[in-house]
Amino acid sequence: MIVYPAIDVRGGQCVRLRQGDYAHETVYGTDPVAVAVSFADAGAEWIHVVDLDAARSGEPTNRAVIGAIADAVRGQARVQTGGGVRTMADVEALARAGVGRVVMGTAAVAHPELVDEASIFVAVAVGLDHRGGELAVHGWTEGSGRQLVDVLDDYPQADSFVVTEIGRDGMLTGPDLEGLEQVMAATAIPVIASGGIATLDDLRALAYLGVAGAITGKALYEGRFTVTEALAAVAAGGGR
């Protein structure tokens, strides 16, 4: 299982939201590039970057920051990025910036064919962000009226699914193991878990479950464990 340390960027700063609520923001640093380099230096193979401004407005206001992160960690780690990736122009710009995988959420839900088209340029993960099974869109600010389990077959070209239970995001209450297991049983596409990870035991549980990756942010920023410790726990714990 790959551990994806997360960097959420808003206004050029490294922040975290509580349950995706823009009114509940904590700033953890003013230099996302330095944070990314520290993750790469600790051994992270991938870094997960979210442009929160773009996720909300569709405007890629932090794209230069994302490009700088990709440049800074090149040769050490690859960058997976999401937030406002809604058009082929967005996909192509991020690919040119050196991103290794894009995450498409809102656009993928509305137009599944975009995933097929985008995958010609760069690996595409489909972001399946949900509240109680209902997919959320536009930076988690709106419900889509569609259920997560009903869309899994819509994306045959997806490189992976990033599955986030929004109610757990930033809450440190543990991952949604039952829900993730249901998703994995319904698709052969690799699943990356996001939301709720609080302890090394949570990471071990996800590794045992057999997910392809786990995204962790708040637990790292609050010092519950380090990237080095996370990688060691996953390596020791193994998987199915």
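What distance in nm separates the two pseudo spin-label positions at Glu142 and Phe121, each 7 Å out from Cα along the beta-carbon direction?
Modelled inter-label distance: 2.3 nm.
Let me know the shape class of region 2-237, please: from the alpha-carbon gyration tensor, a ≥ b ≥ c as square roots of the eigenvalues, rounded when a/c is under 1.5, otherwise prolate if a/b is greater than b/c, or oblate. Display every interim value, and only then the final one.
Details: a/c = 1.31, a/b = 1.06, b/c = 1.24.
Cα axes put region 2-237 in the rounded bin.
Mind giving me the FRET efficiency for Glu229 and Ser57? R0 is 35 Å, r the Cβ-Cβ distance, nearest 0.05 is fine.
Details: r = 36 Å, r/R0 = 1.03.
So, using R0 = 35 Å, E works out to roughly 0.45.
So what is the calculated 222 nm ellipticity per residue for the chain, using -39500 (n - 2.57) for each DSSP H run with n of 4 or more, over all residues, to the nearest 500 deg cm²/dmol?
Working: 10 runs with 82 residues, N = 240.
Theoretical 222 nm ellipticity from helices: -9500 deg cm²/dmol.
Which of the listed residues, Ala193, Gly12, Pro175, is farthest toward the dipole's positive end in region 2-237, when Lys, Arg count +1 and Asp, Glu count -1 at the beta-carbon?
The one lying farthest along the dipole's positive direction is Gly12.
For Cα pairs less than 8 Å apart in space and 6+ apart in sequence, what is the mean separation divided by the residue count of the chain, i.e. the relative contact order in percent?
With pairs under 8 Å counted, the relative contact order is 18 percent.
Based on Cβ point charges of +1 for Lys and Arg and -1 for Asp and Glu, what charge dipole magnitude is obtained for the chain about its Cα centre, in debye rounded to the nearest 20?
On the way: 17 positive and 31 negative charges, 96 e Å.
Dipole size: approximately 460 debye.
Largest first, please: the extent of the C-alpha atoms of region 1-139 along each principal axis, to the nearest Å.
Result for region 1-139: principal-axis Cα extents of 37, 36, 31 Å.
Taken together, the values in this text are just the output of simple stated rules run on the coordinates, not laboratory data. No experiment lies behind these values; they were computed from the predicted model shown. Cβ coordinates were reconstructed from backbone atoms using ideal geometry, including for glycine residues, and neighbour counts include every protein chain displayed.
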